[in-house]
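In what follows, a structure is listed as structure tokens, so that the remarks can point back to it.
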Amino acid sequence: MSTLVVVGTQWGDEGKGKVVHYLSSQADYIVRYQGGNNAGHTIIFENKPFVLHLIPSGILFPHKKCLITNGVVIDPEGLASEAKLLKSKGLELEGRFFISESAHLILPYHRLLDEIRENGRIRIGTTRRGIGPAYADKVTRLGIRVVDYLEEKVFLDLLDSNLKEKAPLINNIMPVEKLRREILAAYPKLRNFIKPFVTNTVLLLEEANRKKKNILFESAQGTMLDLDFGTYPYVTSSNPISGGACVGAGIGPTKINAVLGVVKAYTTRVGEGPFPTELKDSVGEGLRETGQEYGATTGRPRRCGWFDAVVVRHAVRLSGIDHLILTKLDCLEGHTTLKICVAYKYKGKLIAEFPASRTIQAECTPVYEELPGFTGSIRGVTAFAKLPRNAQRYVKRIEKLVGAPIELISLGRKREETITVGKNHLWS
Ligand code: IMP
């Protein structure tokens with residue numbers, strides 16, 4: 001029996017989708033504990049890529065149980081369309097997909113508020129899925145939980161108090177009465193759709209633990225988008241770090257056996273905010289094209305840059321990462337020199353660890369170490385020793401700089417395109 005948490009160590013889009021899918025084959029339960037349908041996990045099913053935003057990709061395995069726990073914000077419309085997509089592929093949710101009754105909902109007014117804020121003074125570059133406004137309501141105790149949605153009278157009362165409070169802003173883009181009518185028109189069908197999946201997921205997980213099942217907690221987004229430890233305010237509104245799994249799923253930290261960090265061989269970011277190793281030149285454009293770095297949720301081009309060891313060291317520390325899984329090493333083929341950022345410089349001073357100051361984050365410059373690059377295709381390589389020597393050196397240098405061993409290397413989207421470096425005792 002094992003309980004693993006998988007986190008992203010950069011700004012999201014590290015390739016967690018493939019990793020979670022890879023690990024899911026041995027999991028009994030796959031659990032989403034934070035975020036919402038802002039995430040986008042691209043997976044290959046029957047040789048075709050498709051994207052899941054909310055439902056864990058473990059659902060593609062017929063006998064796995066998939067949970068969305070209390071820390072997630074759920075858009076009922078988004079969930080319904082994802083369920084429809086899965087159904088069209090012959091994948092049923094009944095009996096193996098569960099939603100926490102305590103999870104908060106994203107309703108159409110959250111999406112509108114996200115839109116209004118994004119068009120305002122501070123632009124975060126959000127996915128405009130209503131994530132921030134839904135979490136804000138949760139914290140200000142105005143939120144509507146799944147359990148509230150199921151009780152019609154409670155829902156209607158809460159809806160009205162929410163709309164009343166938000167009317168001054170919403171009326172600027174649409175009459176609040178019209179919005180209310182639309183929400184009520186969709187309500188009966190969506191409530192009936194959600195109802196069979198709703199349960200106390202804390203008890204389900206406790207039982208799974210008692211029965212010594214393998215449980216995989218999958219994080220969405222990445223450490224640098226963490227509300228507390230990321231590049232605030234250019235972050236998401238939840239905690240993607242491993243500690244988020246405890247609060248977001250209702251399990252004690254003593255129940256977690258290991259934390260795995262997914263790390264891309266270079267760095268990307270979507271949306272606004274500081275990114276010390278960003279490359280605004282042809283090298284950055286090359287990485288974008290080779291790595292097909294376009295947002296899975298919004299289609300936006302991702303900003304690209306060299307590997308930042310300061311960022312990943314921060315992630316290893318914050319999540320207590322035991323093992324790393326390195327992705328997209330193949331996308332670095334053909335560079336004469338590979339650069340790794342080992343520290344930052346600000347006003348002549350060397351900064352070794354990720355700074356909290358937004359001024360320093362925005363104005364610091366990376367201090368690079370240069371390593372020789374590698375040529376020739378490494379796709380299809382299945383043993384670490386068969387990688388070009390310079391690729392091996394790059395991997396080993398990353399391990400040393402960030403302070404965690406690399407257990408797996410992914411060289412493509414397919415399951416077989418994975419090299420085991422360590423003893424692969426991920427599920428013990
Ligand atoms: P929000 O989560 O939609 O509020 O967006 C906040 C920030 O997180 C923006 O910079 C988004 O681009 C970023 N973000 C949200 N979800 C993801 C993701 O799954 N991958 C990468 N970036 C994300």
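In the stretch 157-238, taking the dipole from charged Cβ atoms about the Cα centre, the farthest positive-side position among Pro196, Ala167, Gln221 is held by Pro196. The lysines within cross-link reach of Lys211, meaning a Cα-to-Cα straight distance under 29 Å and a gap of 8 or more places when in the same chain, are Lys16, Lys18, Lys64, Lys65, Lys195, Lys255, Lys423.
Beta bridges assigned by DSSP with both partners in the chain are antiparallel in approximately 40 percent of cases.
GluC sites (Glu not before Pro) within the stretch 349-428: which are DSSP loop residues with at most 10 other Cβ atoms inside 10 Å?
Glu416
Couplings 3J(HN,Hα) for the stretch 285-290, derived from phi with the Karplus relation 6.51 cos²θ - 1.76 cosθ + 1.60 (θ = phi - 60°), are 5, x, 4, 4, 6, 4 Hz, where x marks Gly and Pro.
Of the GluC sites (Glu not before Pro) found in the stretch 87-178, those that fall in a DSSP loop while having at most 10 other beta-carbon atoms within 10 Å are Glu94. Excluding residues on the same chain fewer than 8 positions from Lys349, give the lysines whose Cα lies under 25 Å from its Cα. Filter leaves Lys280, Lys339, Lys400.
Give the value in nm², to one decimal: projected area of the alpha carbon convex hull of the chain, averaged over all directions.
Orientation-averaged projected area of the Cα hull: 20.4 nm².
With the charge dipole of the chain set up from +1 on Lys and Arg Cβ and -1 on Asp and Glu Cβ about the Cα centre, the Cα lying farthest toward the positive end among the listed residues Pro62, Ala80, Pro133 is that of Pro62. Backbone phi angles across the stretch 206-218, fed through the Karplus curve with coefficients 6.51, -1.76 and 1.60 (θ = phi - 60°), yield HN-Hα couplings of 4, 5, 4, 5, 4, 7, 6, 7, 8, 10, 10, 9, 10 Hz in residue order; Gly and Pro are listed as x.
The calculated 222 nm mean residue ellipticity attributable to helices in the chain amounts to -10000 deg cm²/dmol, summing -39500 (n - 2.57) over DSSP H runs of n ≥ 4 and dividing by all residues.
You can think of it this way: the chain between Asn257 and Thr298 has 11.3 nm of extra reach, that is 0.36 nm per residue less the Cα-Cα gap.
FRET efficiency for the pair Lys414 and Ala167, taken as 1/(1 + (r/R0)^6) with r the Cβ-Cβ distance and R0 = 45 Å, rounds to 0.35. The distance between label points at Glu151 and Asn47 comes to 5.3 nm (points 7 Å beyond Cα on the Cα→Cβ vector).
Among the trypsin sites (Lys or Arg not before Pro) in the stretch 90-177, those placed in a DSSP loop whose Cβ has at most 14 other Cβ atoms within 10 Å are Arg121, Arg123, Arg141.
Values quoted throughout were computed directly from the atomic coordinates according to the rules given, and no laboratory measurement underlies them. Model, not experiment: these values are computed from the prediction. Note that each Cβ is placed from the backbone with ideal geometry, even for glycine, and that neighbours are counted across all protein chains shown.
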